[in-house]
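Presented below is the structure to which this report refers.
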Amino acid sequence: MAWTIRTSLLAVLTLASLLGAASDPALAQRQRGEPGRFDFYLLSLSWSPSFCETPAGSGSQEQCGVVRPFSFVVHGLWPQYERGFPESCQVPPPRLSRQIVDQMLDLMPGSKLIYHEWDKHGTCSGLDQRDYFDTIRKARTAVKIPAQFEQPQRPLNVAPGEIVDAFVKANQGLTPAGIVIDCDRRFLREVRICMTRDLQFRDCGTGAGRVCRTDSLLMPPVRGQ
């Protein structure tokens, strides 16, 4: 009898979970992960000198070698839902052309990163490989990096709000609601900018991930200068 009750209870809980997923369109879409079905893009710009301070970065000669003077680099261009996001929409993913990887190394200075971004995010864009990476380049070109962050030769201590204000001032049409700052307890990690599917600035809403809550951030200087 006890086993029957436990089995029935498990069945009820499982059904409730499935019904809950079906009633949440964002969750349901995330589970399906249909290529081309998303609401907007998130352009993630990583502060390369911060990455190079991490154990992962210290082992990356492609990005963090002595003569690799990178400042903001593209982490990725991520299809987003208004709530949540799709990922890995084709399993296995179409194999990415090495020629495309080589052509993107000026913006995304790590071949493993480029392969990963295609597999996880590019396959959800509904675009072929060439068009997806061309869209990344167009998105990056649409964003002007504030002058003070282009090639700093000394460490910068900045508040998240200062970074937001600088990007808003440098980019017509961008608002504070269209930017998310990502950090750890010490370093600026990323500036994330929300864009429409035709690469116009837009507000992020609740679909852009974490928000930095640290009062002061360190931006290590650009290497190799």
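FYI, it's all coordinate maths here, none of it is from the lab. In this text the structure is predicted, and so the values were computed from the model without any measurement. Note: ideal-geometry Cβ built from the backbone for every residue, glycine included; neighbour counts use all protein chains shown.
Net charge near Gly161, counting Lys/Arg +1 and Asp/Glu -1 over other residues with Cβ under 13 Å of its Cβ? Result for the neighbourhood of Gly161: -1.
What trypsin sites (Lys or Arg not before Pro) in segment 140-212 are in a loop by DSSP, with at most 15 other Cβ atoms within 10 Å of the Cβ?
Lys144, Arg185, Arg186, Arg197, Arg210
Across every direction, the projection of the convex hull enclosing the Cα atoms of segment 37-219 has a mean area of 10.1 nm².
What's the local net charge at Ala139, with K and R +1, D and E -1, over the other residues with C-beta under 13 Å away?
Values: positive: Arg137, Lys138, Arg140, Lys144, Arg192, Arg197, Arg202; negative: Glu117, Asp131, Asp134, Asp198.
For residues surrounding Ala139, the net value is +3.
Placing a label point 7 Å from the Cα of Arg37 along the Cα-to-Cβ line, the residues of segment 80-105 whose backbone N sits under 16 Å from it are 80-91. At full extension, Arg185 and Thr214 could sit 9.8 nm farther apart than now, given 0.36 nm per residue minus the alpha carbon distance. With 0.36 nm allotted per residue and the present C-alpha distance subtracted, the Arg83-Glu53 stretch has 7.6 nm of extension available.
When the square roots of the Cα gyration tensor eigenvalues are ordered a ≥ b ≥ c, the ratio a/c for segment 72-130 is 1.5 or more and a/b does not exceed b/c, which makes its shape oblate. Electrostatic bookkeeping for Leu107 treats Lys and Arg as +1 and Asp and Glu as -1; over the other residues with beta carbon under 10 Å from its beta carbon, the sum is +1.
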